[in-house]
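The values are calculated or read from the model by the stated rules, or taken from the named source; none is laboratory data. Worth saying up front: this structure is predicted, and the values here are computed from it rather than measured. Backbone-built Cβ (ideal geometry, glycine too); neighbour counts: all protein chains shown. Areas reflect the complete protein model, heavy atoms only, side chains present, ligands, DNA and RNA absent. Shrake-Rupley method; radii C 1.70, N 1.55, O 1.52, S 1.80 Å.
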Amino acid sequence: MTRSAATLLVVLLAAFRAEASLAPAFSHFFSKSSSPSALRGKAVPTLELRGGALKTEELKTKLKLSIECKGLEYSDWKTWPFSKADPMVLLQLRAPDGTYTEVGRTEVVSDSPSPVFASKIEIDYFFETKQHLRLVVVQGSDPKLPELGRMDCTLSAIVGSRGSKLEGDLHSKRKGGKVMVMAEEVKGKAGDMLDVTFRGVTLAAKDGFLLKSDPYLSLFRRRPDRSLVHVHRTETITQNLNPVWKPIKVPLSELCNGDLSAPFRIECWDEDTLSKDDEIGSVNCTASEILNRVELPLIDSQGRESLKCGTLKVDRACVRRIPTLVDYLGSGCQITVTVAVDFTASNQDQHLPTSFHYNGGKGLNQYQEAMSAVGEVLIEYDHDKKIAAFGYGAILPGESGPSHCFPLSLNHNTPDVSGVQGLLDAYKGCLSRVTLHGPTNFAPTIERAALLAEETSKQHYQVLLIVTDGCITDKSATVDALVKASHLPLSVIIVGVGDEDFSDMSFLDADTEPLVDGDGNKAVRDIVQFVPFREFKGHGSLLAAQVLRELPSQLLQYQALNANKPPSWKEDMPWLELPEDSAWAFRAT
């Protein structure tokens, strides 16, 4: 049978839209010059302070919180022993002045000491800041009724917990019980793509006794009024009753409005050029059935099951999804922090008021403020709250030459400290025991952080924070170390204190052109973010927002290049797969 050269080809626009191709959690939110001084008089995203941190529309990810309680106790002497808890939960967010404002509440669940609240509370999540929450459990909706208990936590602690689920004790004058809160992203699944390969088995022959059919498939979305909308057509396979079509890749939003249980229609046709195409058969099915590889018997156009129309079988099927930062953090991915402090002589003696290490006045010096601002945010995503604390450029006690990477504890067996306060204490103790010297070499510290990154599991991502007052003296070696480290789960944040020329630091922050080492090898991704401290002095939340703005995309790029799925997908949705190439993680960079 001859074929018409004008065979209808329906080309489905399967490219992800820019706004759907990357989750809001790893969009770029500022230009490179974004700073309090650079923002004046320019058309930039609206900035404002809410809850003690910088907020931009580009930076946020919207979450919905589910809340449960256990073991609540309530007694009213008027109705005892028949009184039971009628709990409701108020969610409050701490403002910069320390006051708490209600941002949502659940419904009241009557007579339940262990309620599971049906209503969800939506809240904006910002990776780069520490959002303090308070969950207050009250008896009923009357504000005069007693409080059953409360729990303080941070939103980042919820997101960073296994399964993005945090459980804690309620603090109360009576036995308070427990509260559990779980975070889920509020996001459309417009990017979800059904990727399926169909084969036909013993399809009906429609071209006579001696000829076979020329089958193709057409997929239709079913509207609420039961009418059909054509979504996709496969290629035609000539003279074959057991065809295997090329993989079909169609957005689930177009096929079934993203609902895996919503029925859609598949029709199998025999293509003819001298007459109308003949319908071989059709079947109504769901994406869930396809993912479970259910066989799909075809029924003829009159609904006669007795006629042998053939069967559609699924050779392979998956849903390809673009993962988000919350997917990985909720699956147990931890962010491990390493800090390196500049102890070169250009900082000046710590006892001089002009020294960047001087701490004789009120508040924190620039080094302490930078370490505190960044550390307070990142430590929320590390379960053991340990920080590897190093210094460089100083002469250690008993030594004659400078060390380019040494533990602040001055004990090479115990470089880790506990939390941000432990980091600040170790920095202060080290400062009084070493001699400031030089030069400013970054490569040894980067190599040490790279070694830590190599030794960690897939569920850890290393962040190296380097705080420095001057230009590097080992530029070539630093570039070589960064290019090598670009293959590892590592990001490098550099904060420059003082008023020095930091042009070399901006060079390392290769946003436009990749770094190239001495052998001509290019970095596979940009892992450096540099920020001059002077533009954010006294604004810790602004500093944290700027230095951490690229970290979500850098983490996702590493996962994409190594084809690492969020572990929760394997456990809960084994049919989920990453996009076929890693380009999805680089589109916004």
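For the range 488-505, how many residues are under 30 Å from Gln334 (Cβ atoms) and either of a type outside the set (A, V, I, L, M) or in contact with a Gly (Cβ under 7 Å, 6 or more places away or on another chain) (or both)?
At the first step, the residues of the range 488-505 found to be under 30 Å from Gln334 (Cβ atoms) are 488-497, 505.
Okay, now just the ones that are also either of a type outside the set (A, V, I, L, M) or in contact with a Gly (Cβ under 7 Å, 6 or more places away or on another chain) (or both), so 489, 491, 496, 505.
Matching residues across the range 488-505 total 4.
This table checks each residue for (1) crowded, with 16+ Cβ neighbours inside 10 Å; (2) part of a strand (DSSP E or B); (3) modelled with pLDDT under 90.
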{"site": "Thr79", "(1), (2), (3)": "no, no, yes"}
{"site": "Met88", "(1), (2), (3)": "yes, yes, no"}
{"site": "Gly104", "(1), (2), (3)": "yes, yes, no"}
{"site": "Val109", "(1), (2), (3)": "yes, no, no"}
Out of (1) aromatic (Phe, Trp, Tyr); (2) over 28 Å from Cys318 (Cβ atoms); (3) modelled with pLDDT of 95 or more, what's the single condition that is false for Phe198? (2)
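Listed here are the residues, each with its yes/no results for (1) part of a loop (DSSP other than H, G, I, E, B); (2) among the acidic types (Asp, Glu); (3) touching an Asp or Glu at 6+ places or on another chain (Cβ under 6 Å).
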{"residue": "Asn411", "(1), (2), (3)": "yes, no, no"}
{"residue": "Leu424", "(1), (2), (3)": "no, no, no"}
{"residue": "Tyr427", "(1), (2), (3)": "no, no, no"}
{"residue": "Leu436", "(1), (2), (3)": "no, no, no"}
{"residue": "Glu447", "(1), (2), (3)": "no, yes, no"}
{"residue": "Leu451", "(1), (2), (3)": "no, no, no"}
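Among the residues of the range 505-514 satisfying the criterion of being open to solvent by 50 Å² or more (accessible area, probe 1.4 Å) and not hydrophobic (A, V, I, L, M, F, W, C), which is nearest to the chain's Cα centre (by Cα)? Before the answer, list the steps.
Within the range 505-514, the subset open to solvent by 50 Å² or more (accessible area, probe 1.4 Å) is 506-507, 511-514.
Subsequent filtering for residues that are not hydrophobic (A, V, I, L, M, F, W, C) retains 506, 511-514.
On the way: Ser506: 26, Asp511: 20, Thr512: 23, Glu513: 25, Pro514: 23 Å.
So, considering only residues that are open to solvent by 50 Å² or more (accessible area, probe 1.4 Å) and not hydrophobic (A, V, I, L, M, F, W, C), the one nearest to the chain's Cα centre (by Cα) is Asp511.
Quickly run through the range 379-409 and pick out the residues that are part of a strand (DSSP E or B), without any contact (Cβ under 8 Å) to a residue 60 or more places away in the chain and farther than 15 Å from Arg433 by Cα.
First, the residues of the range 379-409 that are part of a strand (DSSP E or B): 386-392, 394-395, 402-403, 406-407.
Right, trim to without any contact (Cβ under 8 Å) to a residue 60 or more places away in the chain and you get 386-387, 389-392, 394-395, 402-403, 406-407.
Listed by number, the residues that qualify are Lys386, Ile387, Ala389.
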If you go through the range 266-290 one residue at a time, how many are open to solvent by less than 50 Å² (accessible area, probe 1.4 Å), within 30 Å of Lys187 (Cβ to Cβ) and either in contact (Cβ under 8 Å) with a residue 40 or more places away in the chain or not in a loop (DSSP other than H, G, I, E, B) (or both)? 5
For Asp382, work out the one condition from (1) surrounded by fewer than 20 Cβ atoms within 10 Å (Cβ to Cβ); (2) at pLDDT 95 or above; (3) of a type outside the set (Ser, Thr, Tyr) it doesn't fulfil. (2)
Could you list, in sequence order, the residues of the range 162-214 that are aromatic (Phe, Trp, Tyr) and within 39 Å of the chain's Cα centre (by Cα)? Phe198
Mind checking which pairs have a first residue in the range 363-378 that is in a helix (DSSP H, G or I) and a second that is basic (Lys, Arg) and open to solvent by 30 Å² or more (accessible area, probe 1.4 Å), Cβ under 6 Å, 6 or more apart or different chains? Glu376/Lys130; Val377/Lys130
So which residues in the range 124-163 are in contact with a Leu (Cβ under 9 Å, 6 or more places away or on another chain) and over 30 Å from Glu550 (Cα atoms), if there are any at all? Leu135, Val136, Val137, Val138, Gln139, Leu148, Gly149, Arg150, Met151
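Considering only the range 515-534, how many residues are assigned to a strand (DSSP E or B) and either under 24 Å from the mean Cα position of the chain (by Cα) or surrounded by fewer than 14 Cβ atoms within 10 Å (Cβ to Cβ) (or both)?
Of the residues in the range 515-534, the ones assigned to a strand (DSSP E or B) are 516, 522, 528-532.
Next, only the ones that are either under 24 Å from the mean Cα position of the chain (by Cα) or surrounded by fewer than 14 Cβ atoms within 10 Å (Cβ to Cβ) (or both) stay: 522, 528-531.
Total meeting the criteria: 5.
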Suppose the filter is touching a Ser or Thr at 6+ places or on another chain (Cβ under 7 Å), buried (at least 20 other Cβ atoms within 10 Å of the Cβ) and within 28 Å of Pro552 (Cα to Cα); does Val377 pass it? yes
Right, Asp327: charged (D, E, K, R), modelled with pLDDT of 95 or more and either open to solvent by 10 Å² or more (accessible area, probe 1.4 Å) or under 32 Å from the mean Cα position of the chain (by Cα) (or both) or not? no
I'd like to know if the range 451-463 contains one or more residues that are buried (at least 18 other Cβ atoms within 10 Å of the Cβ) and within 17 Å of Asp342 (Cβ to Cβ). no
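Would you confirm whether or not the range 170-178 contains a residue that is among the polar types (S, T, N, Q) and on the phi > 0 side of the Ramachandran plot?
Taking the range 170-178 as the starting set, the residues that turn out to be among the polar types (S, T, N, Q) are 172.
With on the phi > 0 side of the Ramachandran plot added as a condition, the list becomes none.
Checked the range 170-178: no residue is among the polar types (S, T, N, Q) and on the phi > 0 side of the Ramachandran plot.
Which of the residues belonging to the range 160-197 are part of a loop (DSSP other than H, G, I, E, B), out of contact with any Phe, Trp or Tyr (no Cβ under 6 Å at 6 or more places or on another chain) and either over 21 Å from Leu90 (Cβ atoms) or open to solvent by 50 Å² or more (accessible area, probe 1.4 Å) (or both)?
Filtering the range 160-197 down to residues part of a loop (DSSP other than H, G, I, E, B) leaves 161, 170, 172-177, 186-192.
Narrowing further to those that are out of contact with any Phe, Trp or Tyr (no Cβ under 6 Å at 6 or more places or on another chain): 161, 170, 172-177, 186-190, 192.
Those that are part of a loop (DSSP other than H, G, I, E, B), out of contact with any Phe, Trp or Tyr (no Cβ under 6 Å at 6 or more places or on another chain) and either over 21 Å from Leu90 (Cβ atoms) or open to solvent by 50 Å² or more (accessible area, probe 1.4 Å) (or both): Ser161, Lys173, Arg174, Lys175, Val186, Lys187, Gly188, Lys189, Ala190, Asp192.
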Do we find that Gly303 is farther than 30 Å from Leu578 by Cβ and either at pLDDT below 90 or open to solvent by less than 20 Å² (accessible area, probe 1.4 Å) (or both) in this structure? yes
How many residues does the range 474-514 contain that are over 14 Å from Ile446 (Cα atoms) and either among the hydroxyl-bearing types (Ser, Thr, Tyr) or out of contact with any strand residue (DSSP E or B) (no Cβ under 7 Å at 6 or more places or on another chain) (or both)? 11
Of the residues that sit in the range 486-514 and are among the hydroxyl-bearing types (Ser, Thr, Tyr) and part of a loop (DSSP other than H, G, I, E, B), which one is modelled with the lowest pLDDT? Thr512
From the residues in the range 291-300 that are more than 10 Å from Leu312 (Cα to Cα) and open to solvent by less than 50 Å² (accessible area, probe 1.4 Å), which one is modelled with the highest pLDDT? Leu291
Being in contact with a Phe, Trp or Tyr (Cβ under 6 Å, 6 or more places away or on another chain), closer than 17 Å to Val196 by Cβ, buried (at least 19 other Cβ atoms within 10 Å of the Cβ) and at pLDDT 95 or above: is that true of Arg221 here? yes
Filter the range 535-589 down to the residues that are polar (S, T, N, Q), part of a loop (DSSP other than H, G, I, E, B) and at pLDDT 90 or above, then identify the one that is surrounded by the fewest Cβ atoms within 10 Å (Cβ to Cβ). Asn562
Residue list for the range 429-450, restricted to those being open to solvent by 60 Å² or more (accessible area, probe 1.4 Å) and at pLDDT 95 or above: Arg433, Thr435, His437, Glu447, Arg448
